[in-house]
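S.K.: Please read through the structure below; I'll follow up with questions.
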Amino acid sequence: MAKVYYENELTNDVLKNKKVAVVGYGSQGHAHALNLKDSGYDVVVGVREGRSFEEAVKDGFDVYPVREAARIADVVMVLLPDERQPEVYKNEILPELSAGNALVFAHGFNVHYHQVVPPQDVDVFLVAPKGPGHLVRRTFEAGEGVPALFAVYQDATGTARETALSYAKGIGSARAGVLETSFQEETETDLFGEQAVLCGGLSSLVKAGFETLTEAGYQPEVAYFECLHELKLIVDLMYEGGLEGMRYSISDTAQWGDFQSGPRVIDERVKESMKEVLKDVQSGEFAKGWILENQANRPVFHVVNNREKNHPIEKVGRELREMMPFVKAKQKKEAVASAKN
Ligand SMILES: NC(=O)C1=CN([C@@H]2O[C@H](COP(=O)(O)OP(=O)(O)OC[C@H]3O[C@@H](n4cnc5c(N)ncnc54)[C@H](OP(=O)(O)O)[C@@H]3O)[C@@H](O)[C@H]2O)C=CC1
Ligand SMILES: CC[C@](O)(C(C)=O)C(=O)O
Ligand SMILES: [Mg+2]
Ligand SMILES: [Mg+2]
């Protein structure tokens, strides 16, 4: 059984004696910066001029260009989009790193695939929340937390582990559980999870269900509520009580259908496809493709993104959510920190 760290045993708040620069103020950046500040840590934000810069100023931070933030901080947390990190690191962070500083990531992609090669005299670790940044903030404010993984890649000072754990505590993750891993394990499991299950697998499952119903002549509104809206309510039950907790609340008819038809839909072929996805992640093939896609200014990404935004499930969903102020309110509040595409 893996060792899981919780708040009550993490009494060594070494990070409180250091200055942390959170670089990037997007989904993860705003959550880390605000949570660390609320936990009593000394935080500045480093970001380019624009929307994020203004947002961080509005939230009360001292905000600097990335290079300046890296210069004045002891600990630099890199929360830029993965594909932008190598260039910003090379031009604005690396020149300002001093011996004994810490270079930190929330995902191991660039270090693991050798797009960022840190100098030997700095600590390098990751603290990777297992959840979207907006939820890292939302749960923190509610007195809860999102679990996180931490991993030490390089321990130049001999204190990298304590600093990582103190960081994880500061963002609220030790309320939920913090687990040690390696850069390789974090990178490969995170990429696999988001592609096969959490984002790719789920959105394809939802669309396939919606399309099956609407193509059979059922109303799109009914299909939306059945295949997308209710998913959150079902997943909330899994989050609270596992599969058993979900099955406790559903009808026995649904549970029988779950046992009978679940494995017909997600069958051995799906698992074979998942193994292929994992193989591409492990071999670096996926990373290579994503790096090349960015070097070419994302031709495929933009076409697919546009097509996805116009899928009928999105059209009907936008209309139905307009009528649910409790759903819209949350979206609006968090949209300010969402600088994505
Ligand atoms: N999204 C998530 O929930 C999770 C993300 N991660 C990891 O966290 C890291 C950050 O991802 P995420 O939060 O999604 O990133 P976002 O895309 O949400 O945020 C990007 C931030 O970086 C800024 N930025 C972009 N380019 C530059 C630049 N050239 N110079 C300075 N600032 C720049 C943006 O500012 P501007 O407004 O000016 O564009 C914005 O503030 C990644 O490593 C990711 O894998 C890990 C776990 C979950
Ligand atoms: C599931 C997607 C994620 O890995 C995350 C929110 O944890 C990401 O990269 O955004
Ligand atoms: Mg993830
Ligand atoms: Mg990820």
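Values in this text are rule-based calculations from the coordinates and carry no lab data. Owing to the predicted nature of the structure, the values given are computational and were not obtained by experimental measurement.
S.K.: Translational diffusion coefficient of the chain at 10 °C, 1.306 mPa s, Stokes-Einstein with Kirkwood Rh over Cα pairs, in µm²/s as a whole number.
M.R.: 73
S.K.: Based on the alpha carbon coordinates of region 4-181, what radius of gyration and maximum Cα-Cα distance (Dmax) apply, in Å?
M.R.: That works out to 14.5, 40 Å for Rg and Dmax.
S.K.: Right, another one. When the helices in the chain are scored as -39500 (n - 2.57) per DSSP H run of 4 or longer and the sum is shared across all residues, what 222 nm value do you end up with, to the nearest 500 deg cm²/dmol?
M.R.: Result for the chain: -16000 deg cm²/dmol, rounded to the nearest 500.
S.K.: Just for the Cα atoms in region 194-337, what are the lengths along the principal axes, largest first, rounded to whole Å?
M.R.: So the extents along the principal axes, rounded to whole Å, are 50, 38, 34.
S.K.: Can you give the relative contact order of region 4-181 as a percent, counting alpha carbon pairs under 8 Å and 6+ residues apart?
M.R.: Over region 4-181, the number comes to 25 percent.
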